[in-house]
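Notes for the one structure printed next.
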Ligand SMILES: [Zn+2]
């Protein structure tokens with residue numbers, strides 16, 4: 001798909017390729033999963049991975065530097081075991097800095113990429129059971145997929 005292609009009208013995210021599930025776009029599936037965190041401490045503990053995985057699969061809205069910084073922290077946490085508290089501290093530093101994190105809307109160019117797993121594999125038609133494990137599998141698959 002080139003940059004001039006229109007987003008697919010029929011239920012596939014033009015950036016991460018996730019299908020619409022139960023009428024929910026990939027963003028709405030993320031919101032539904034975030035709502036499960038209230039009932040599921042194991043899932044809540046993976047909150048950073050849930051949001052980071054989603055953002056890494058939707059990089060168009062972010063500056064290149066912001067995505068590179070996020071990916072670095074993501075890998076430091078997953079591969080090198082950086083504690084979530086430290087990851088959060090650094091994310092806070094990045095967000096609090098003067099660096100612009102979001103690209104102006106007119107400069108965003110979503111590119112469809114094919115990933116081994118997407119948010120739809122975590123949402124799984126609205127089944128909260130085991131979601132924390134699926135988030136970890138999703139994050140690990142992104143860690144191994146080196147799109148730049
Ligand atoms: Zn998507």
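Read the figures in this text as sums done on the coordinates, not as results from a lab. Quick caveat, the model's predicted, so the values are computed rather than measured. FYI the Cβ positions are ideal-geometry reconstructions off the backbone, even for glycines, and counts take in every protein chain you see.
Where does the chain land on Rg(C-alpha)/(2.2 N^0.38 Å)?
1.04
What is the extension gain from residue 102 to residue 137, computed as 0.36 nm multiplied by their sequence separation minus the C-alpha to C-alpha distance, in nm to one decimal?
9.9 nm
How much length, in nm to one decimal, is gained on full extension between residue 65 and residue 25, taken as 0.36 nm per residue of separation minus their Cα-Cα distance?
Full-extension gain reported as 11.7 nm.
Just the number, please: Stokes-Einstein D of segment 21-92 in µm²/s, Kirkwood Rh from C-alpha pairs, 37 °C, 0.692 mPa s.
For the chosen part, D equals 249 µm²/s.
Can you figure out the FRET efficiency of residue 93 with residue 34, using R₀ = 22 Å and their beta-carbon distance, to the nearest 0.05?
Efficiency at R0 = 22 Å is approximately 0.40.
With the Cα gyration tensor of segment 92-143 in hand, convert its eigenvalues to equivalent ellipsoid semi-axes via √(5λ) and list them largest first in whole Å.
Taking √(5λ) for each Cα gyration eigenvalue gives 28, 17, 11 Å.
Alpha carbon centre of segment 93-148 versus segment 71-89: separation in Å?
When both Cα centres are located, 15 Å separates them.
Beta carbons within 10 angstrom, averaged per residue: use that to sort the peptides 72-85, 100-113, 126-139, 33-46, highest first.
126-139, 33-46, 72-85, 100-113
Less than 17 Å from a label point 7 Å out along the Cα-to-Cβ axis of residue 145: which backbone N atoms in segment 13-52 qualify, by residue?
In segment 13-52, the label zone of residue 145 (backbone N under 17 Å from the point 7 Å along Cα→Cβ) covers 13-21, 26-27, 29-30, 49-52.
Per DSSP H run of n ≥ 4, the term is -39500 (n - 2.57); total these for the chain, divide by its residue number, and report the mean residue ellipticity at 222 nm rounded to 500 deg cm²/dmol.
-14500 deg cm²/dmol
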